[in-house]
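Heads up, the thing below is written out as structure tokens.
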Amino acid sequence: MRLAVTAHPSPRMPERTAEVLLRQLAGGDADALAKFYDLYSGLVNGLALRILRDVADAEDVVQEVFVQAWRQASRFDPSRGSPEAWLCTMARTRALDRLRRRTSRREDAEEEGPSLSTLPRNDEALAVRKALDGLSLDQRRALELAYYEGLTQTEIAERLAEPLGTIKTRIRTAMIRLREVLGPSA
Amino acid sequence: MRSEDRFGTLVPVAALDALDGAEQTTFEAHVQSCPECRRDLETDRALAHRLPLALPECRPSAALRQRVLDAIAAEGAGPRPVPLGPVRRPTWLTSLVALPAAASVVLGVALISARHERDEARRTADAVRSTSESLEAQVQRAREQLAQARPQQTESDATRADAASLEQASREAQNRLATLEQRLAEELGRARQTLAAREQEASEAREAMARSEQRFKAEADTARQVASSLEAQVRAVQADLADTRQRLEREKAFRELVAHPDSRVAQLTGVAAGSRARARVVWNPASREAVLMVSGLPKAPDGKGYEVWVVSKETTVPAGVFQVDAEGSALFRLPTLDETERVKTFAVTLEPAAGRAAPSGPMVLAGAAP
């Protein structure tokens with residue numbers, strides 16, 4: 001459905017390549033893992049950094065995720081989502097676990113997100129960023145608190161000092177909007 | 001397409017793992033039995049996991065790349081063995097399920113919030129158990145598939161992959177259980193903290209109660225003092241009232257005596273030279289009531305008093321001792337005496353305050369009965 005990206009100089013290979021690599025991983029091909037790592041370690045590390053805001057912690061997560069990918073490559077099911085989504089699922093779970101185990105959260109760094117001025121990686125990244133820009137600031141903030149901070153709806157309501165019902169509606173509206181704009185993933 | 005009921009509206013929130021409380025529990029139970037919600041949830045989850053694509057790419061250090069490749073090399077390539085025996089639920093899980101009950105004994109306090117935490121822990125334990133059971137079932141199914149596949153293509157790549165994935169599933173199950181165990185421990189820790197906080201509150205409440213008890217006691221003491229002072233006032237007023245009533249009765253009796261047609265009046269004058277003392281006795285010979293009114297008498301010296309005498313032809317009888325007020329006046333009611341009927345003279349002498357049987361001191365007033 002999505003075309004191979006040529007407009008941007010991108011390290012990202014076509015999806016098909018990733019799936020071939022995953023099959024090779026499942027077969028125990030360590031060279032394939034190196035390629036797979038080069039392809040996605042930037043994405044995984046970016047996500048882990050966004051959640052943990054700590055370089056060393058984020059790199060630990062990156063290592064765990066790729067080892068897990070190596071072990072579980074045979075379980076990857078292309079019909080259920082992209083390799084990126086698969087990696088992001090693992091990275092987010094591990095990073096949030098780590099975040100919750102931390103005794104003191106680094107609340108002070110909270111607003112210091114990665115710079116938005118960075119060049120998008122490819123069409124897909126551009127589309128997601130445009131879709132997020134189409135949300136209201138409140139909707140976007142609620143989504144980010146849930147996804148990147150791992151807060152529940154009640155915790156988000158407390159953090160933003162707003163009624164629970166408002167937060168629920170906001171998350172739902174934002175997700176429906178994203179669904180409409182982005183459509184089903186490949 | 002999307003389920004119409006309330007669960008449909010929970011899907012987007014659930015996709016972000018942002019449900020909590022009872023909503024989370026009921027939704028998770030519902031999803032088990034509703035393929036539609038399960039599919040929507042998967043779609044929304046995939047959507048949510050596209051969010052990080054918008055993040056700037058951030059290459060990790062070169063050293064990490066080597067670390068990852070070393071870790072993979074240490075894992076070893078090739079097929080990984082399938083565990084042979086049935087997948088056992090780790091023994092800690094059994095104790096984990098029993099833990100909340102044990103915890104409730106340990107906590108031993110019927111504090112609602114502690115109970116709530118315990119229920120939460122129990123729910124987590126149930127979730128752990130059901131996850132474990134579902135994983136066991138999955139492993140079992142996979143093993144059956146493996147057994148079927150084996151005769152046709154032994155040692156094929158696919159079988160190897162299945163074996164690897166089976167082993168991985170079991171490893172993953174262990175990991176998830178370990179994570180859940182930790183979460184349960186954290187929740188129990190929180191329950192204990194909550195309990196400690198409640199105990200703190202209770203002891204503060206006890207102190208506050210002790211303080212207000214003291215304050216009440218002090219207030220009660222003050223109130224008692226006020227009450228007793230009021231009582232004293234009341235007694236004083238009552239005494240005053242009794243006194244006034246007595247005086248009123250005396251004056252009434254006196255007025256009646258004066259107004260009575262049979263009453264007679266005797267004028268008494270000061271005996272000493274230059275005395276300004278004057279007195280008058282009103283008496284009724286029939287009833288033998290008699291009253292003495294005095295003015296212009298000096299106050300009797302300490303220990304002394306004025307004694308009245310009823311003098312008849314035969315005898316002189318004492319008729320009581322009186323004192324004058326600050327203005328030198330007195331209104332004195334004489335005792336009823338037989339002699340009053342035959343009185344010739346009324347006299348007043350200065351005597352010891354207790355009075356005497358016969359006059360001994362100087363005479364201060366005297367007057368003949370008309």
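The values are calculated or read from the model by the stated rules, or taken from the named source; none is laboratory data. Note that the structure is a prediction, hence the values are computed from the model and not measured. Using ideal geometry, Cβ is built from the backbone for each residue, glycine included, and neighbour counts are taken over all protein chains shown.
Consider B:Cys34 against the criteria (1) loosely packed, with under 15 Cβ neighbours inside 10 Å; (2) more than 23 Å from A:Ala142 (Cβ to Cβ): it satisfies all of them except one. Which criterion is unmet?
Just one mismatch for B:Cys34, condition (1).
Scan the stretch A:72-81 for residues that are within 8 Å of chain B (Cβ to nearest Cβ), over 15 Å from A:Tyr37 (Cα atoms) and at pLDDT 85 or above and jot them down.
A:Ser74, A:Arg75
Can you tell me how many residues in the stretch A:82-103 are more than 9 Å from chain B (Cβ to nearest Cβ) and not in a helix (DSSP H, G or I)?
Qualifying residue count, the stretch A:82-103: 2.
It is to be established whether one or more residues within the stretch B:236-248 are surrounded by 15 or more Cβ atoms within 10 Å (Cβ to Cβ) and under 26 Å from B:Thr349 (Cα atoms).
No; the residues of the stretch B:236-248 include none that is surrounded by 15 or more Cβ atoms within 10 Å (Cβ to Cβ) and under 26 Å from B:Thr349 (Cα atoms).
Given the options B:Leu365, B:Leu297, name the one that is over 60 Å from the mean Cα position of the chain (by Cα) and outside any loop (DSSP other than H, G, I, E, B).
None of the others qualify; the one that does is B:Leu365.
Could you check how many residues of the stretch A:163-173 are more than 7 Å from chain B (Cβ to nearest Cβ) and either within 28 Å of A:Arg101 (Cβ to Cβ) or under 17 Å from the mean Cα position of the chain (by Cα) (or both)?
Residues that pass the stated criteria total 2.
Table: residues versus (1) among the basic types (Lys, Arg); (2) under 24 Å from B:Gln323 (Cα atoms).
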| site | (1), (2) |
| --- | --- |
| B:Ala173 | no, no |
| B:Arg183 | yes, no |
| B:Ala205 | no, no |
| B:Arg215 | yes, no |
| B:Ala223 | no, no |
| B:Arg255 | yes, yes |
| B:Ala279 | no, yes |
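Output the residues belonging to the stretch B:29-54 that are of a type in the set (A, V, I, L, M, F, W, C), under 57 Å from the mean Cα position of the chain (by Cα) and facing chain A (nearest Cβ under 7 Å).
Across the stretch B:29-54, the qualifying residues are B:Ala46, B:Leu47, B:Ala48, B:Leu51.
May I ask you to verify whether A:Ala58 is modelled with pLDDT of 80 or more, under 27 Å from A:Lys130 (Cβ atoms) and more than 8 Å from chain B (Cβ to nearest Cβ)?
The answer is no for A:Ala58.
Quickly run through the stretch A:174-186 and pick out the residues that are touching a residue at least 40 places away in the same chain (Cβ under 8 Å) and within 7 Å of chain B (Cβ to nearest Cβ).
Selection gives A:Leu178, A:Leu182, A:Ser185.
Would you check which residues across the stretch A:41-55 are more than 7 Å from chain B (Cβ to nearest Cβ) and either modelled with pLDDT of 90 or more or surrounded by 22 or more Cβ atoms within 10 Å (Cβ to Cβ) (or both) and list them? Talk me through it step by step, then tell me what you get.
To start, the set of residues in the stretch A:41-55 that are more than 7 Å from chain B (Cβ to nearest Cβ) comprises A:44, A:48, A:51-55.
Within the stretch A:41-55, A:Val44, A:Ala48, A:Ile51, A:Leu52 meet the criteria.
Hey, can you tell me all the residues within the stretch A:56-76 that are aliphatic (A, V, I, L, M) and either under 23 Å from A:Arg23 (Cα atoms) or buried (at least 22 other Cβ atoms within 10 Å of the Cβ) (or both)?
Matches in the stretch A:56-76: A:Ala58, A:Val61, A:Val62, A:Val65, A:Val67, A:Ala69, A:Ala73.
Would a scan of the stretch A:137-153 turn up a residue that is within 30 Å of A:Ala69 (Cα to Cα), facing chain B (nearest Cβ under 8 Å) and either at pLDDT below 90 or in contact with a His (Cβ under 6 Å, 6 or more places away or on another chain) (or both)?
No, the stretch A:137-153 contains no residue that is within 30 Å of A:Ala69 (Cα to Cα), facing chain B (nearest Cβ under 8 Å) and either at pLDDT below 90 or in contact with a His (Cβ under 6 Å, 6 or more places away or on another chain) (or both).
Go through (1) in contact (Cβ under 8 Å) with a residue 60 or more places away in the chain; (2) part of a helix (DSSP H, G or I); (3) hydroxyl-bearing (Ser, Thr, Tyr) one by one and return the number of the condition B:Ser275 breaks.
If we test B:Ser275 against (1) in contact (Cβ under 8 Å) with a residue 60 or more places away in the chain; (2) part of a helix (DSSP H, G or I); (3) hydroxyl-bearing (Ser, Thr, Tyr), just (2) comes out false.
Which residues, counting only those in the stretch B:293-314, are surrounded by fewer than 13 Cβ atoms within 10 Å (Cβ to Cβ) and farther than 18 Å from B:Ala354 by Cβ?
B:Pro298, B:Lys313, B:Glu314
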